[in-house]
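The values are calculated or read from the model by the stated rules, or taken from the named source; none is laboratory data. This one's a predicted model, so the numbers in the text were calculated from it and none came from an experiment. Quick reminder, even Gly has a Cβ in these numbers, built from the backbone with ideal geometry, and neighbours come from all protein chains shown.
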Amino acid sequence: MSQFKFELDLERLGIKETGASPLETSIGLNQALQYAKEQGFNKIIFPTGTYIIDEANPIVIDLKNTIIDLNGSTMQINTNGSEVYSIFEFRDGAENVKLTNGTVRGDKDTHDYLTIKGSHEWGCGIIVKTGYNLQIDNMTVTNVTGYGISIESGIPVTTNRFHTLYTRDVVQGGISDDGIPVESTALTRTAKPYDISMCGGQFELGYTLGYLGYPYLLNREYTAYFYDKDMNFIQKTNCLQFKKVVIPFGSQYVHFVYPQATIVSNIGYYGWITNLKPPINSKLTNCLIKGNRCLGLAVCGGQQWTIENNIFEGNGGAMANYAVDFEDGFELIQDYVFKNNKFVNNNNDLVVAAGDNLVFEGNEFQKTVYIWERTTNYKVIGNWFNGGSVTYRIKRELCEVRDNQYSNSAVRTASFSSLVVTLTNEIFTNSHLADIAPGTKLNNCTIKATGKPYIKNAIMENCTLEVASAEAISLVLKNCKINNSKMNLHTEQLFESCIIADSTFFTYSDTTRIQLNECELVNSQMNYGTSGNRVETIFNLCMAIINKDRPLVRLSAGKTRNLLFKNNTVINRAAKPIIELYDTTYTIPDGNSTMEGNNFTQTNYKYIFDGVNITKGIFNFTDKNNSIIGSEMLNPKYIGNQYFNIIR
């Protein structure tokens, strides 16, 4: 195959690789690319140098089957004061094109921001407007006033829109599986069919103005019914808004059925039939995207993209102030794999405002990562979050979050429906899980901390915890392992079938209820605080082994609303009682303890229940059907004590 070498034509076309003549250089480069296109060259090699690009004349890429090798060159925007510029633009016609091996540089540091008032956020290094099978590889994109790279959604407002869908053209009712209108008070259908013969073999349906979304068609789902030119029924297809629908062979007309009883729109229409032309099946790989003022990468559309092995460094400082932003294309952002990218010293790392079927895998983050609930069907797999915070929000569909590692980070979740965020096989090191939605599930996760993490509202199953001093708030723990930990237990806590070793739990000022069912405890302790709420604690069907000289339970005489210790087995080899009563100084005794159906073996201390004497208030003690080997239930000082009420 032929190669096209620019040095052969630089002088003739007025192109300067020496950093001069921006207008002539831009015009000449575009002419050269068009010549290469006309001649069918498959590779274009730039002479190494610095090319100044005119701010009003970007380099247009609309070639096919071509590698554009910048050969180490720098493409530098001419210093300007424009709010909008670009250095490269992929436009209609671009197909099987690779742009590689160079630097694209803006004028962030020399730009005139004052003459034209505004945000100046639309100065871009590379804009991908449309195209197929494109690749941007081994490029440095840096120092632009706005977005280093921008991927668009193929929406010129007047292009590829074939039908406006008006509310006046819908009626209540549905369509049968064989294409016949039927009555239904739960459905709405189109009153007339739409001719789709001009759509190019496929279409999408949705509201593609402004911020898109589902303002009038409230559900993602709808159903299309296809008919031939004579209105003979062909087939039914279940569809999603904004997703491409392939038109069946022989179809000319379509009806739609929507799963809502009415469609209300204050503007008279609710969507369009379109066949938009975003850039699809493309890649951004092995690039350094660095020091761009607003964003390193603006994902404003595009479908079937892979963004892999890139470094995002030092981006942000002005709105939108992230390294990567999935936003303005909203529901038209579809089918992305964002993999093995590294983030270094950005103001913020990643925000995902919307999109569908997005996979974030194997990336390294340092700063804020925020995924909004408008995003559907997203996956976060095997990433490393080292600092900052990460937020998972859901509304319409469950997300998949698994196999990630968090170090010195804060993890947040939120749900705006009945759906529950689930985190699976995650590792949290010195990280907080405080701001998470009630009912958030953690499965097979590991939490380790030498500091004081906050863990709130989680349902934890098959997890392992080793925390030096955690604040545990409203947790449910099932089949978990807790080792060498100290935990302040706030509000309500439930432990089911957990293995707890060398750990201490403390009640706190807001603790109300703690329950342990069928747990195994080794050298661990429940320690009641002396302030705040009176606490109810239940030990049921637990097995406890005590080898260290400390009691299993330290009871506050005034803060024990109720201790129910029932059907447990305890082997105590320590020179301490199993349950020790303390705290008559700060509170007036006002508690209840029930010991029922337990099996106690205690050889190195005389009493199962012992501690301070009761000289005021009242403490009720119930002793029923307990089996004791090697000791007695109560210190005799409590027997006959008017302040200690014994019930048998």
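So which residues in region 1-22 are part of a helix (DSSP H, G or I), at pLDDT below 90 and touching a strand residue (DSSP E or B) at 6+ places or on another chain (Cβ under 9 Å)? Quick ask: steps written out before the conclusion?
Step one: list which residues in region 1-22 are part of a helix (DSSP H, G or I), which gives 6-8, 10-13, 22.
Now restrict to residues that are at pLDDT below 90: 6-8, 10-13.
Once the filter is applied, which keeps residues that are part of a helix (DSSP H, G or I), at pLDDT below 90 and touching a strand residue (DSSP E or B) at 6+ places or on another chain (Cβ under 9 Å), region 1-22 yields Phe6, Glu7.
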Find all pairs meeting these conditions: Cβ atoms under 6 angstrom apart; at least six residues apart or on different chains; first residue within region 340-357 and among the charged types (D, E, K, R); second residue in a strand (DSSP E or B).
Lys342/Ile311; Lys342/Glu364; Asp349/Ala323; Asp349/Phe343; Asp349/Phe365; Asp349/Val369; Asp356/Gln334; Asp356/Thr376
Top-ranked residue in region 424-448 [being touching a Phe, Trp or Tyr at 6+ places or on another chain (Cβ under 8 Å) and not in a loop (DSSP other than H, G, I, E, B); ranked as farthest from Cys399 (Cα to Cα)]
Lys448
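Please verify whether Tyr528 is in contact (Cβ under 8 Å) with a residue 24 or more places away in the chain and farther than 21 Å from Asn567 by Cα, treating the condition exactly as stated.
On the way: in contact (Cβ under 8 Å) with a residue 24 or more places away in the chain: yes; farther than 21 Å from Asn567 by Cα: yes.
So Tyr528 passes the test.
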When region 227-268 is checked residue by residue, the ones that are under 23 Å from Arg161 (Cβ atoms), among the hydrophobic types (A, V, I, L, M, F, W, C) and touching a Pro at 6+ places or on another chain (Cβ under 7 Å) are Val254
From the options Thr429, Thr368, residue that is more than 24 Å from Val467 (Cβ to Cβ) and of a type in the set (Val, Ile, Thr):
Thr368
Enumeration of residues in region 390-449 that are basic (Lys, Arg) and in contact with a strand residue (DSSP E or B) (Cβ under 6 Å, 6 or more places away or on another chain)
Arg393, Arg396, Arg402, Arg412, Lys441, Lys448
Just one of the numbered conditions (1) within 35 Å of the chain's Cα centre (by Cα); (2) of a type outside the set (Val, Ile, Thr); (3) modelled with pLDDT of 95 or more is not true of His163; which one?
(1)
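Among Asp112, Asp137, which is at pLDDT 95 or above and over 31 Å from the mean Cα position of the chain (by Cα)? Full working, then the answer.
Numbers: Asp137 fails: over 31 Å from the mean Cα position of the chain (by Cα).
One residue alone meets the criteria, Asp112.
Restricting attention to region 494-521, which residues are assigned to a strand (DSSP E or B) and closer than 21 Å to Met595 by Cβ? Talk me through it step by step, then tell me what you get.
Of all residues in region 494-521, those assigned to a strand (DSSP E or B) come to 494-496, 499-501, 504-507, 513-517, 520-521.
Selection gives Phe495, Ile500, Phe505, Thr507, Arg513, Ile514, Gln515, Leu516, Asn517, Glu520, Leu521.
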Exactly one of these conditions fails for Asn80: (1) surrounded by 18 or more Cβ atoms within 10 Å (Cβ to Cβ); (2) touching a residue at least 40 places away in the same chain (Cβ under 8 Å); (3) in a loop (DSSP other than H, G, I, E, B). Give me its number.
(2)
Counted residues in region 164-222 being polar (S, T, N, Q), outside any strand (DSSP E or B) and surrounded by 16 or more Cβ atoms within 10 Å (Cβ to Cβ) come to 2
Filtering region 390-415 down to residues that are crowded, with 18+ Cβ neighbours inside 10 Å, under 19 Å from Glu327 (Cα atoms) and not basic (Lys, Arg) yields Val390, Thr391, Tyr392, Ile394, Cys399
Only residues in region 374-395 that are in contact (Cβ under 8 Å) with a residue 60 or more places away in the chain and outside the structural domain of Glu327 (by TED's automatic domain parsing) count as the first member; pair them with residues that are part of a loop (DSSP other than H, G, I, E, B) and not charged (D, E, K, R), Cβ under 9 angstrom, at least 6 apart or cross-chain, and list the lot.
Arg374/Gly213; Arg374/Ala353; Arg374/Ala354; Arg374/Gly355; Thr376/Ala354; Thr376/Gly355; Thr376/Cys399
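Which residue out of Leu297, Leu350 is in the same structural domain as Glu83 (by TED's automatic domain parsing) and in contact with a Gly (Cβ under 7 Å, 6 or more places away or on another chain)? I'd like the intermediate steps shown before the answer.
Numbers: Leu350 fails: in contact with a Gly (Cβ under 7 Å, 6 or more places away or on another chain).
Matching residue, one of Leu297, Leu350: Leu297.
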Among the residues of region 367-382, what is the count of those that are closer than 18 Å to Tyr322 by Cα and not aromatic (Phe, Trp, Tyr)?
5
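Considering only region 88-109, how many residues are of a type in the set (Gly, Ala, Ser), assigned to a strand (DSSP E or B) and within 32 Å of the chain's Cα centre (by Cα)? Can you show your working first?
Initially, region 88-109 is screened for residues of a type in the set (Gly, Ala, Ser), giving 93-94, 102, 106.
Now narrow it down to the ones that are assigned to a strand (DSSP E or B): 102.
Pick out the ones that are also within 32 Å of the chain's Cα centre (by Cα) and you get none.
Qualifying residue count, region 88-109: 0.
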Tally of residues being over 21 Å from Leu218 (Cβ atoms) and part of a strand (DSSP E or B) across region 387-413
14
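Any residue that is among the basic types (Lys, Arg) and over 21 Å from Asn562 (Cβ atoms) - is there at least one of those in region 407-417? Don't jump to the end; show me each part of the working.
Pass one, region 407-417, residues among the basic types (Lys, Arg): 412.
From the residues that got through so far, the ones that are over 21 Å from Asn562 (Cβ atoms) too are 412.
For region 407-417, residues among the basic types (Lys, Arg) and over 21 Å from Asn562 (Cβ atoms): present.
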Tally up the residues in region 558-575 that are over 24 Å from Ser531 (Cβ atoms) and of a type outside the set (Gly, Ala, Ser), please.
8
Output the residues belonging to region 25-56 that are charged (D, E, K, R), surrounded by 16 or more Cβ atoms within 10 Å (Cβ to Cβ) and at pLDDT below 95.
Lys37, Lys43
Answer yes or no as to whether Pro278 is touching a residue at least 40 places away in the same chain (Cβ under 8 Å) and assigned to a loop (DSSP other than H, G, I, E, B).
yes
I need a count of the residues in region 605-640 that are surrounded by fewer than 16 Cβ atoms within 10 Å (Cβ to Cβ), in a loop (DSSP other than H, G, I, E, B) and without any contact (Cβ under 8 Å) to a residue 40 or more places away in the chain.
8
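Select, from Lys283, Lys290, Lys236, Lys244, the only residue that is outside the structural domain of Val84 (by TED's automatic domain parsing) and closer than 30 Å to Glu95 by Cβ. Outline the logic, then answer.
Details: Lys283 fails: outside the structural domain of Val84 (by TED's automatic domain parsing); Lys290 fails: outside the structural domain of Val84 (by TED's automatic domain parsing); Lys236 fails: closer than 30 Å to Glu95 by Cβ.
Every option except Lys244 fails the conditions.
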Select from region 122-163 the residues that are assigned to a strand (DSSP E or B) and either closer than 24 Å to Ala224 by Cβ or of a type in the set (Lys, Arg) (or both) and list them in ascending order.
Arg161, Phe162, His163
Filter region 544-587 down to residues that are in contact with a strand residue (DSSP E or B) (Cβ under 6 Å, 6 or more places away or on another chain) and in a strand (DSSP E or B), then give me how many there are.
21
